[in-house]
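Have a look at the structure below, then the notes.
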Amino acid sequence: MKKFIWTLLTLIAVALGALLGVYKHQKNSGVLGKDVGFIRFLLIKRKPGTGSKEPGNKEPATTGGQKTAPVKKAVFDREAFGKLRISAKSSYREADFTAAELSYTKALELLNSAEPGDPELALKLDRMRLRSWFFARIVENMYLDNLVDGVDIVQVKLQGGRKPFFARLLEKTDYQITIERQSGITATVPISEVDLLVNLTPEQYRKTLEAILNERTRKAYGAVKQDYQSFFLCAAFAFQHKLTDRLTELLEKTFEHAESERLVNRFIPSNNLELKVALHYSFKRDTKAHVYAERLKEERSIAKKDEDKTIDKTTPGSTDPVPAGTPAPQDKLDEADELFKEGYAYYRKAIPGTTDHDINLEKAEPFLQEASEILMEIFKQQPDNKEIENNLSRIREILFDIYVRLPLKR
């Protein structure tokens, strides 16, 4: 009996010695926390072949049978993060949205790569990053006014009670004046039809434009029911004339309305799902953003399948569906050209201050819109066709000008 007891005690001592060795090894390698004592170590439940399951003390992942040290995040560089946020906010306020997006992206990466994390702040930065990206895409589809340099500007008022307008004075004789309108189109007007002609310095012209913007903005804010289009027209006016001090504010007021996605459809009619995701997500309309994100995911999946099919078909000896350098379908180009000519004829007649100004713009718009849609379909098939790209850009510029010049009847 005594021999059995001594044998049992010897086995227990050997086992405890082995466990003590394992305990010391796991303490030294960082598997166990500093606060885990030997007795607590003995009480931790194990499965065969596993290490500690104590919360916060995970077994390091193994690759090829060798343990790797736990990945530790970098210490949070608060100073660098603060500078990036200041830079992002400054660029955003100054309507430099591309620079703002870059700074917000870097700040977000820095925050996510360091300890401690801050999910709430990360979400705010991500929304601002996407808003900056979205605003940058929107202003890419705006166009500067042709008179933005303020050189040789005159205010013209024609006879018959017509509204005064701005133009560049190109030539003046005893019989007529030749002017360049804000759209870039020149016109010759008999002196007998000119009721008023006032020369403006660049400084006077800018102050006049600022006063116009302030008045339009005041009316937009003062409306009983604030309308996203009113704010967008103010934002467009600010961009056209480089009055960027208020551009960010006006874009925010425009797109805080959910219905403002119609502007995306109008000015960026194709491949715009990613823009809609960014728009709604950045303004905390997460449900709508999710809907468009799912559509975008589905669209990309279909595009990927189509691309794979094309690759499969393009084997040695086969031909591309649309080989590079293939001419655009002439009948469609002719149709777009005829539509453009008809629309542009009405557009040229839309002289500011004339009684039929709005009527001519309204007549021009559908012709130009249809021409744009035809060219866009061709351009999708031939994205390297510079001639079509340039024609599309010109039509879009005219459509943008029509949109901002027509009164709100939409």
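Observations
- Among the residues of region 373-398, the ones that are within 15 Å of Y347 (Cα to Cα) and touching a residue at least 60 places away in the same chain (Cβ under 8 Å) come to 3 in all.
- Pick from region 241-259, criterion at pLDDT 95 or above and among the polar types (S, T, N, Q), ranking: nearest to E94 (Cα to Cα): T248
- Pairs linking a residue in region 77-98 that is polar (S, T, N, Q) to a residue that is in a helix (DSSP H, G or I), with Cβ atoms under 7 Å and 6 or more positions apart or on different chains, are S87/S103; S91/A99; S91/A100; S91/S103; T98/A136.
- Restricting region 140-154 to residues that are charged (D, E, K, R) and under 30 Å from the mean Cα position of the chain (by Cα), the residue that is nearest to F166 (Cα to Cα): D145
- Set side by side, the residues K242, K288 differ, and just one is out of contact with any Lys or Arg (no Cβ under 6 Å at 6 or more places or on another chain), surrounded by 13 or more Cβ atoms within 10 Å (Cβ to Cβ), closer than 25 Å to D145 by Cα and not hydrophobic (A, V, I, L, M, F, W, C), which is K242.
- Tabulated pairs, region 150-164, first under 17 Å from Q176 (Cβ atoms) and without any contact (Cβ under 8 Å) to a residue 40 or more places away in the chain, second in a strand (DSSP E or B) and among the β-branched types (V, I, T), C-beta under 9 angstrom, 6+ apart or interchain: Q159/V194
- When E120, E115, E79 are checked against the criterion of being acidic (D, E), loosely packed, with under 14 Cβ neighbours inside 10 Å and touching a Lys or Arg at 6+ places or on another chain (Cβ under 8 Å), E115 stands alone in meeting it.
- On inspection, A211 passes the criterion of being modelled with pLDDT of 95 or more and either surrounded by 12 or more Cβ atoms within 10 Å (Cβ to Cβ) or within 39 Å of the chain's Cα centre (by Cα) (or both).
Here's the yes/no breakdown for (1) farther than 30 Å from Q155 by Cα; (2) outside the structural domain of A136 (by TED's automatic domain parsing); (3) modelled with pLDDT of 85 or more:
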residue	(1), (2), (3)
Y281	yes, yes, yes
R285	yes, yes, yes
A289	yes, yes, yes
R300	yes, yes, yes
P323	yes, yes, no
D334	yes, yes, yes
I351	no, yes, no
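- Reported count of residues in region 106-149, each being of a type in the set (D, E) and either assigned to a helix (DSSP H, G or I) or free of Cβ contacts under 8 Å to residues at least 40 places away in the same chain (or both), is 5.
- Test: residue in region 157-177 that is assigned to a helix (DSSP H, G or I) and either among the acidic types (D, E) or outside the structural domain of Y92 (by TED's automatic domain parsing) (or both): no
- Scanning region 136-173 for residues that are under 21 Å from F237 (Cβ atoms), β-branched (V, I, T) and out of contact with any strand residue (DSSP E or B) (no Cβ under 6 Å at 6 or more places or on another chain) returns I138, V139, V148, V151.
The values are calculated or read from the model by the stated rules, or taken from the named source; none is laboratory data. Computed from a prediction, not measured in an experiment: that's the story for all the values here. Ideal geometry is used to build each Cβ from the backbone, glycine not excepted, and the neighbour counts take in all protein chains shown.
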